[in-house]
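First comes the structure, then the notes that go with it.
Only the coordinates and a few stated rules stand behind these numbers; no lab work does. Everything numeric in this text was worked out from a predicted model, so none of it was measured. Every residue, glycine among them, receives a Cβ derived from its backbone with ideal geometry; neighbour counts consider all protein chains shown.
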Amino acid sequence: MDIPYTIELRRDTGLYNAKLGVWLFLASEVMLFGALFSSYILLRVGADPGTWPHGLLNIPMGTFNTAVLITSSVSVVLSWAALKMNDFAKFKKYQAVTLLCALGFLCIKSIEYRDKFTHYEVWLTNGDRLTGHIEGSPWFWKTATLKAKNLERITFHPDPWHYADEDRSRPGQASKDKAGGHPAHVEIETAKIKRLSAFVPAHGTYFAIYFTLTALHALHVLGGALVIGYLWGPGSKLWQTQPERFTNRVEVSGLFWHFVDLVWIFLFPVLYLL
């Protein structure tokens, strides 16, 4: 028995079943991401003045990733259009571009994550705070890990202060970089460190939000890429027997991919620019 409405349209909705199903699924996705975005807005609005960090994300890298996803949206549409014109070879080429863009996006995002795992904030016992990198990138993540290594001191390379208080005093002012903006490096005794944390979710509210939203989005990118990869590879055999049904599957996967791209269009300005 054939499954009904995989090709022909339903009279009540004007859609075939798969397309109706993906729109219902995307409605639930809108509620999921809508709740997360709403939580972000409430937490940010409720944060104390001067405590919300700025400039901790790589804007050029995020901009490039945005261009990558927009390119993938175009290639998805072109691949579907190629099938509508019975050009299977062009479909394969355009979907290959989509898959390469998806892989590129995930690779760039992993580079960004790695930078956060080796970027630290140090709270000193005298009240000073610094953000920057520890020489050697030892992946300390938290104070307990630092003390477990029995180090007497660390060499810290501060970067510009990322909070509202730009004039906060810092130790080691005698060792300036050439621009004179911040110390080139400072030696910090372990005993003087009150808290040390990499920019991981446990660091604070901002990074908890950042990793929750971007990791969930990355999982959607991965899931969409797996479906598109299947249709590009072994699933493309359906084109030989049921081309219309195969074209509908490509359209449905494309709708999900457009949603994934649209979520990033909102994530990028909210997390990177504002």
Most exposed to least, judged by fewest other Cβ atoms within 10 Å, Asp115, Asp48 sort to Asp48, Asp115
Here FRET efficiency (C-beta to C-beta, Met85 to Phe37, R₀ 51 Å, nearest 0.05) is 0.85
By the mean-Cβ-within-10 Å protection proxy, highest first, 88-97, 123-132, 234-243 rank as 88-97, 123-132, 234-243
Final fewest-first order of Leu56, Leu216 on the 10 Å Cβ neighbour count is Leu216, Leu56
Taking 0.36 nm per residue of separation between Thr63 and Glu187 and subtracting their Cα-Cα distance, the length gained on full extension comes to 41.1 nm
Quick note on Met85, Met61, ordering by fewest other C-beta atoms within 10 Å, gives Met85, Met61
